[in-house]
Amino acid sequence: MPTIFRWKGFRFHFFSNEGHEPPHVHVRRAEDACKFWLDSVSCAYNEGMTAQDLTQLERIVIEHREEFLRKWHEYFE
C-alpha cells in the first residue's frame, strides 16, 4: 500500500490491488478512514472522519490532485 502523501497525521495512500478501479486515494488517521475519487474529486466513503476533517481533506486532495493522479498512473500503468 504505497503512501503518497502525509499531512497533519493523515496518510494518503492507495492499495496495490486496486488498479481496476478509477483513480482514487485513501486517507487514514488512526482508525478513521475515507476515500476520494480523483477524476472528479468527491468522497467515495467515510468511516469515522468528522465533517471538518472531510472538508480539509477534500481541499488537500484538490490541491494535490495532479500529483496524486500522476503517482496513480505511474504505479498502475
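The values are calculated or read from the model by the stated rules, or taken from the named source; none is laboratory data. Remember, predicted model here, so these are calculated numbers, not experimental data. Backbone-built Cβ (ideal geometry, glycine too); neighbour counts: all protein chains shown.
Below, the figures for the structure above:
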{"item": "Residue count for segment 1-13, restricted to those that are in a loop (DSSP other than H, G, I, E, B) and modelled with pLDDT of 95 or more", "result": "2"}
{"item": "Subset tally (residues that are over 20 Å from residue 51 (Cβ atoms) and either aliphatic (A, V, I, L, M) or more than 13 Å from the chain's Cα centre (by Cα) (or both)) for segment 1-20", "result": "6"}
{"item": "Pair list, Cβ < 8 Å and 6+ apart or interchain, from segment 51-77 residues that are hydroxyl-bearing (Ser, Thr, Tyr) to residues that are surrounded by 16 or more Cβ atoms within 10 Å (Cβ to Cβ)", "result": "75/14"}
{"item": "Count of segment 23-48 residues which are part of a strand (DSSP E or B) and surrounded by 15 or more Cβ atoms within 10 Å (Cβ to Cβ)", "result": "13"}
{"item": "Filter result for the condition that a residue is under 17 Å from residue 5 (Cα atoms), acidic (Asp, Glu) and modelled with pLDDT of 95 or more, over 31, 47, 74, 58", "result": "58"}
{"item": "Tabulated pairs, segment 26-42, first more than 18 Å from residue 71 (Cα to Cα), second assigned to a strand (DSSP E or B) and of a type in the set (Gly, Ala, Ser), C-beta under 9 angstrom, 6+ apart or interchain", "result": "34/44"}
{"item": "Residues that are of a type in the set (A, V, I, L, M, F, W, C), surrounded by fewer than 15 Cβ atoms within 10 Å (Cβ to Cβ) and more than 12 Å from the chain's Cα centre (by Cα), drawn from segment 49-77", "result": "51, 76"}
